[in-house]
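Each value in this text was obtained by applying a stated rule to the coordinates, not by laboratory testing. Note that the structure is predicted; figures quoted are calculated from it, not measured. Cβ atoms come from the backbone with ideal geometry, glycine included; neighbour counts cover every protein chain shown.
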Amino acid sequence: MPKNISQSENLVIVRGAGDIASGTIYRLFQAGFSVIALEVEKPTVIRRTIAYAAAVTKGMVTVEGLTALRCDTEVSIVKALAEGKIPICVDPQGDWIKRLNPFAVVDAILAKKNLGTTREMAPIVIGLGPGFTAGEDVDAVIETNRGHDLGRVIYSGTAAKNTGIPGNIDGYTHERVIRAPQAGVLKIVQDIGAIVNTGDCLATIGDCEVTTKIAGVLRGIIADESNVFKGMKIADVDPRGKVEHCYTITDKARNLSGGVLEAILHFAAKLN
């Protein structure tokens, strides 16, 4: 890594570092790219054990052997990259993109809408899911809707509209996703990796218990002491009950990351 990080020809900045974005971060790093991720000050990540976003509050987190560090200065970013780590910067506006001049920008926020990503940010700009139009605000869009086209690279047009239906796991969709019954401060009762039964209390919000409708493993739950709003997604129970799945990148994240890598290599070949 050069002393002037902006001179790097393989620097990719990923907007977002949740569990899906983390699959892309991991794959791009393994493919030889230098990767920096941008996050918000208080990430509302559910699957915290497989999200590099956790480094924002913890300072450091390791997912599948790859460590991410919170970095607040260019010196710390350069040091982290030199050590083979992923810098995580609090920068929801993308100011670091202008300062570091990356080779590619990947918007993996999964907000279902574009929060400010433009094609002017880098020679290659990719968006994940609905909210982007390939050829207009990004160069390519990655399909995030489960099904036949999951992970497909879209070079013209948009991804499928958000269905609002969680992915089907062992016949469960809405049942496996837990939402806040009221607004308030969440207190964790069961943490990620716990085996739970139908009706078990997972957390409390004020004097209200948050329970699960199905049995399985608690694959994700928002961080303790988080402020939540009514209806907010706060936890996820996996009916397959495999605890090890709580600590490895998901099949969907790996699938989407392959699409991102394809798109970057596709456009890189045209730039050379």
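Given DSSP loops and a limit of at most 12 other Cβ atoms within 10 Å, what is the longest stretch of the chain that contains no such GluC sites (Glu not before Pro)? Numbers along the way, then the final one.
On the way: sites that count: Glu9, Glu41, Glu64, Glu83, Glu225.
Free of exposed loop sites, the longest segment is 84-224.
Given the choices (i) 18.9; (ii) 13.6; (iii) 15.2, mean projected area of the Cα convex hull in nm² derived from the coordinates of this structure is entry (ii). For segment 1-157, a simple Cβ point-charge model (Lys and Arg +1, Asp and Glu -1, everything else neutral) yields a dipole of about 380 debye relative to the Cα centre. The residues packed around Leu271, meaning those with a beta-carbon under 12 Å from its beta-carbon, carry a net charge of -1 if Lys and Arg are +1 and Asp and Glu are -1.
Using the Cα centre of the chain as the reference point, and only Cβ charges (+1 on K/R, -1 on D/E), how large is the resulting charge dipole? Debye, rounded to the nearest 20.
Working: 30 positive and 30 negative charges, 31 e Å.
In debye, rounded to 20, the chain gives about 140.
Over segment 1-141, calculate the relative contact order: mean separation of alpha carbon pairs under 8 Å at least 6 apart, over the residue count, as a percent.
Numbers: 280 pairs, mean separation 34.4, N = 141.
Worked out over segment 1-141, it gives 24 percent.
According to the Cα-based calculation, Rg over Rh for segment 174-239 is 0.92, with Rh computed by the Kirkwood formula.
Mind checking which helices in the chain clear 15 Å along their axis (Cα) and have mean Kyte-Doolittle hydropathy of -0.5 or more, DSSP H runs only? Let's see the in-between values first.
On the way: long enough: 19-30 (17 Å, 0.22); 251-271 (31 Å, 0.30).
Within the chain the helices that satisfy the rule are 19-30, 251-271.
Explain nothing, just the number: dipole magnitude of segment 113-161 about its Cα centre with +1 on each Lys and Arg Cβ and -1 on each Asp and Glu Cβ, in debye rounded to the nearest 20.
200
Quote the relative contact order of the chain in percent (integer), defining contacts as alpha-carbon pairs under 8 Å separated by 6+ residues.
On the way: 642 pairs, mean separation 52.5, N = 272.
Answer for the chain is 19 percent.
Dipole orientation for the chain: of the candidates Thr212, Leu69, Val40, Thr212 has the Cα lying most toward the positive pole (charges on Cβ; Lys, Arg +1; Asp, Glu -1).
When each of the peptides 66-72, 86-92 is scored by how many other beta carbons lie within 10 Å of its residues on average, the order from highest to lowest is 86-92, 66-72.
When segment 43-124 is described by a simple charge dipole with +1 on each Lys and Arg Cβ and -1 on each Asp and Glu Cβ, the residue from Met60, Ala80, Ile50 located farthest towards its positive end is Ile50.
For segment 1-147, what percent of Cα pairs sit more than 25 Å apart? Mind showing how you got there, number by number?
Details: 2093 of 10731 pairs.
Here the tail beyond 25 Å accounts for 20 percent of pairs.
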